[in-house]
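Following: one structure in structure tokens, then a few remarks.
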Amino acid sequence: MSKPRFAVLGAGSIGCHLGGHLVAAGYDVAFIGRPAAMDVLAERGLTLSTSVRPPVHLTPDQLTLATRADAAADADYVLVTVKTVGTETAAKDLAAHLAPNSVVVSFQNGLHNPATLRAALPGRTVLAGMVPYNVVQSAPGTVHQGMPGRLMAEPDDTLFAAFGEAGLPVEARADMSEVQHAKLLMNLNNAINALSGLPLRDQLGLRAYRRCLALCQREALAAYRAAGVTPARLGPTAPGITPYVLGLPDAVFRRVAAASLKIDARARSSMWEDLQRGRPTEIDSLQGEIVALAAAHGQSAPANARLVALVHAAESTPRTWTGPELYAELSAAR
Ligand SMILES: NC(=O)c1ccc[n+]([C@@H]2O[C@H](COP(=O)([O-])OP(=O)(O)OC[C@H]3O[C@@H](n4cnc5c(N)ncnc54)[C@H](OP(=O)(O)O)[C@@H]3O)[C@@H](O)[C@H]2O)c1
């Protein structure tokens, strides 16, 4: 088979990171993004950076840039990398243009994006994928991977071969729902990081913020238990133990969780970026999912609910919280 062609719908941090690696490996990729973002790439090209390898620069003439979903018409694979608030619109945009056999892959956070895509694209193959590491736009036209990690997705040999060639090995998982629930536990930190105003490594180094995350994770684990969900184990620590580890004093945590603090000094959650840019956040698909799941099983998730409210407030009126302030606020909600 000739090389598969790709389109990325939502050419932001993750879309440019995935698509850029594929272009560097010689694959055709149509980047579909907002006009202002595509203008930056047209002027500067795209730089892929990490703290462990020299950056890779793609010149503007190596990039196929578009602002409408019809650019995905020739793609064998469409990688959906919009934020969850944009999935329904993206799916509707795609429906009119997808080639009959193209495969759609969601590389988004949250629990319901593949289902939303499947509902809008009946008869299409939609695969769930997961990005376990952090990527930020560290400068115009530069996407920076802030920590190591291995992508996960439902199995597809052609897709995995292309990603492997592009230096993005993918682990095949038959339990993507459990993987997504485990990832959601980690993503409960996105809101805490965004409200802290700190880089991830600094924020996770401070016990008061970690205790906020532990509160959120305990509520989530209780809701999962009630719903009969067993989150996958993605790291060295079992999900049920993580809240305890998060609550350890800073010096002990630094020793016990040294691997999880191997984060680039610049890394921040993408929710922080959203607040900086005045964009709506994914909070309803993160803490909001826990609140809804708890309510569906006769429980409450007050710390998560308070964070939903605080992040929505910060979308219109930015403010940062110290760790002790935020912990007191979440504790008072319980
Ligand atoms: N960044 C990370 O570190 C990271 C890591 C793991 C997973 N994820 C997940 O990956 C997904 C993408 O995150 P991200 O950080 O890459 O987001 P992002 O930087 O905001 O990129 C998404 C881009 O797509 C654009 N867009 C939205 N709808 C579109 C449409 N219909 N047509 C064209 N462009 C459209 C957005 O523009 P507007 O902002 O104007 O809508 C934005 O520029 C999220 O679910 C996130 O939670 C992110």
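A few comments on the model shown:
- Candidates 317, 242, 281: the one that is hydroxyl-bearing (Ser, Thr, Tyr) and either touching a His at 6+ places or on another chain (Cβ under 7 Å) or over 14 Å from residue 187 (Cα atoms) (or both) is 317.
- Selection of first residues in the range 293-318 that are hydrophobic (A, V, I, L, M, F, W, C) and of second residues that are crowded, with 22+ Cβ neighbours inside 10 Å and in a loop (DSSP other than H, G, I, E, B), restricted to Cβ pairs under 6 Å at least 6 apart or on distinct chains, gives the following pairs, ordered by first then second residue: 294/301; 311/281.
- The helices (runs of 4 or more DSSP H) falling completely within the range 193-251 that include 3 or more residues that are small (Gly, Ala, Ser) map to 207-227.
- Being within 23 Å of residue 78 (Cβ to Cβ), in contact (Cβ under 8 Å) with a residue 12 or more places away in the chain, more than 13 Å from the ligand (Cβ to nearest atom) and of a type in the set (A, V, I, L, M) is true of residue 174.
- Candidates in the range 1-58 are the residues that are modelled with pLDDT under 95 and of a type in the set (Gly, Ala, Ser); of these, the one that is surrounded by the fewest Cβ atoms within 10 Å (Cβ to Cβ) is 2.
- Restricting the range 292-312 to residues that are assigned to a helix (DSSP H, G or I) and surrounded by 24 or more Cβ atoms within 10 Å (Cβ to Cβ), the residue that is farthest from the ligand (Cβ to nearest atom): 303
- Here 254, 210 are screened, and the one residue that is in contact with a helix residue (DSSP H, G or I) (Cβ under 7 Å, 6 or more places away or on another chain) and buried (at least 18 other Cβ atoms within 10 Å of the Cβ) is 210.
- Condition check for residue 144: more than 30 Å from residue 97 (Cβ to Cβ), of a type outside the set (Lys, Arg) and part of a strand (DSSP E or B): yes
- Checking every residue in the range 115-126 against the condition of being basic (Lys, Arg) and part of a loop (DSSP other than H, G, I, E, B) gives at least one match.
- Which numbered condition residue 57 fails, given (1) touching a Gly at 6+ places or on another chain (Cβ under 8 Å); (2) near the ligand (Cβ under 8 Å from one of its atoms); (3) farther than 29 Å from residue 183 by Cα: (2)
- Selected residue (criterion: surrounded by the most Cβ atoms within 10 Å (Cβ to Cβ)) from residues of the range 153-164 that are under 30 Å from residue 273 (Cα atoms) and in contact (Cβ under 8 Å) with a residue 40 or more places away in the chain: 163
- If only residues of the range 127-141 that are more than 10 Å from the ligand (Cβ to nearest atom) and in a loop (DSSP other than H, G, I, E, B) are counted, the one that is surrounded by the fewest Cβ atoms within 10 Å (Cβ to Cβ) is 140.
- Scanning the range 46-74 for residues that are assigned to a loop (DSSP other than H, G, I, E, B), under 23 Å from the mean Cα position of the chain (by Cα) and not hydroxyl-bearing (Ser, Thr, Tyr) yields 52, 53, 55, 68.
- The residue that is farthest from residue 274 (Cα to Cα), among those in the range 84-105 that are in contact with a Ser or Thr (Cβ under 8 Å, 6 or more places away or on another chain) and within 12 Å of the ligand (Cβ to nearest atom), is 91.
- Condition met for residue 141 (on the phi > 0 side of the Ramachandran plot and small (Gly, Ala, Ser)): yes
- Residues in the range 12-49 that are near the ligand (Cβ under 9 Å from one of its atoms) and either in contact with a Lys or Arg (Cβ under 9 Å, 6 or more places away or on another chain) or at positive phi (or both): 12, 32.
- Lone unmet requirement of (1) out of contact with any helix residue (DSSP H, G or I) (no Cβ under 7 Å at 6 or more places or on another chain); (2) at pLDDT below 95; (3) part of a strand (DSSP E or B); (4) not aliphatic (A, V, I, L, M) for residue 149: (3)
- Filtered residues of the range 98-114 (kept if surrounded by fewer than 22 Cβ atoms within 10 Å (Cβ to Cβ) and either among the aromatic types (Phe, Trp, Tyr) or in a strand (DSSP E or B) (or both)): 103
The values are calculated or read from the model by the stated rules, or taken from the named source; none is laboratory data. Quick caveat: nothing in here was measured; it's all calculated off a predicted structure. Cβ sites come from the backbone with ideal geometry, for glycine too, and all protein chains shown count toward neighbours.
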